[in-house]
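Working notes, beginning with the structure itself.
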Amino acid sequence: MKHRGRGIASMWYPVGFTGYSNPSGAVVKLNEDGSAVVLTGTVETGQGSLGALSQIAAEALGIAPNDIHIVSGDTDTCPMDTGAIASRTTYITGNAVRLAAEMARDTLFQVASGMLGVKPDQLEAKDRKIQVKGFPSRAAALADVCTRAYNGVGTPPIGSATWDPPMVPMDAEGQGKPFGTYVYATQIAEVDVDDETGEVEVLRITASHDCGTAVNPMLVEGQIDGGVYMGLGFGLYEEILFDKTGKQVNCNLTNYILPTSLDMPEIDEDIVENFDETGPFGAKAVGEPSLVPTAAAVTNAIYDAVGVRITSLPATSEKVLKALKAKRAAEQKQIPA
């Protein structure tokens, strides 16, 4: 017989490295046609980071993401980046890109101030134009300003910047501020558990995540979906097994079990907008944190369904059935003679 249960789990997760510097650098160059080149040492591993960095640069420059060309991962030509790890790229590298783009933009403001007859601090970059704040009709095309910067004024609009998250190293008593910011999440799992076989079917995951300002909501939802997938693998399927000599016995995908698309439940992604003053346009992170609550939510749901706690992952059918048999045996002993 199948029993349905629901479980909830919450988490907090730090962004970046623990208590020591992990900076990123960026260079932004505007071309005469108003397009831009961004140089960054970070790498794209499928998480969409280069798309997010393009959006950050475009927002700062007042152009479209398609106007951005990113050169990444080439250590001969790109500035230093600590790495696409610790869920740090959007937050830390994004800040470096934002600062570099703003430096290049400020050069354009200096040039455009002469063209428009106003002070640089009265200008803004928007819709591929440099325009007077509050008077958008008084504007110059960004490409025209770039051309003048190169050929008229002689100050090419190039910006470079580095950014390291604000932190205080831990002292001998464990006091300090080891991370620049944190993200938070809660996930709810709904499962069916078969009390005759121990089989667990995850029907639905509701995942509510605070990632600051979502630079690209579609990418954030994709990261959450991917994290839930990995969390399900951790919670229900994946286990490294060794023989008596210490040799791994399930070292390929025929016996190291991963969830498939057929094992994926319905996922409801809920992005909690929470502007972070230290992040690029309020953004923080969503990568690794998206998998943290999943296994705990699923095992809590198993308990809600059939009343057994699984404390050794993965919660395989064998473990669930063994726990159920132990529970029944304990209940039978309590029956008075």
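Points to keep in mind about this one:
- ILE158/ASP76 FRET efficiency (R0 30 Å; Cβ-Cβ; nearest 0.05): 0.95
- Springs between Cα atoms under 10 Å define the GNM used for the chain, and in it the highest mean-square fluctuation of GLN175, GLN55, GLN187 occurs at GLN175.
- Enclosed volume per residue, in Å³, of the convex hull spanned by Cα atoms of segment 3-102: 142
- In this structure, the residue pairs whose Cα-Cα separation is over 22 Å, taken from LYS29/LYS129; LYS2/LYS322; LYS126/LYS284, are LYS126/LYS284.
- Per residue, the convex hull around the alpha carbon atoms of the chain comes to 208 Å³.
- Euclidean distance between Cα centres, segment 83-100 to segment 273-337, Å: 32
- The value of relative contact order for the chain, using C-alpha pairs under 8 Å at least six residues apart, is 25 percent.
- Basic side chains Lys and Arg get +1 at the Cβ, acidic Asp and Glu get -1 at the Cβ, and with that the dipole of segment 119-164 about its Cα centre reaches some 240 debye.
- Placing +1 on each Lys and Arg Cβ and -1 on each Asp and Glu Cβ, with no other charges, gives segment 98-206 a dipole about its Cα centre of roughly 1720 debye.
- In this structure, ILE85 and GLN332 have a Cβ-Cβ separation that, at R0 = 51 Å, corresponds to a calculated FRET efficiency of about 0.50.
- The candidates ASP304, ASP225, ASP276, arranged from most to least accessible area with a 1.4 Å probe in the full protein assembly, appear as ASP304, ASP225, ASP276.
- For the chain, the longest principal axis of the Cα atoms and the long axis of helix 317-333 meet at an angle of about 40 degrees.
- Distance between the modelled labels on TRP12 and LEU203, one decimal in nanometres: 3.4 nm (7 Å Cα→Cβ projection).
- Segment 147-297 shape via C-alpha gyration tensor axes, a/c threshold 1.5: prolate
The values are calculated or read from the model by the stated rules, or taken from the named source; none is laboratory data. It should be emphasised that the depicted structure is a prediction, and the values quoted were computed from it without experimental measurement. All Cβ positions, glycine included, derive from the backbone under ideal geometry; neighbour counts span all protein chains shown. All accessible areas refer to the heavy atoms of the entire protein, side chains included, with ligands and DNA or RNA removed. Shrake-Rupley method; radii C 1.70, N 1.55, O 1.52, S 1.80 Å.
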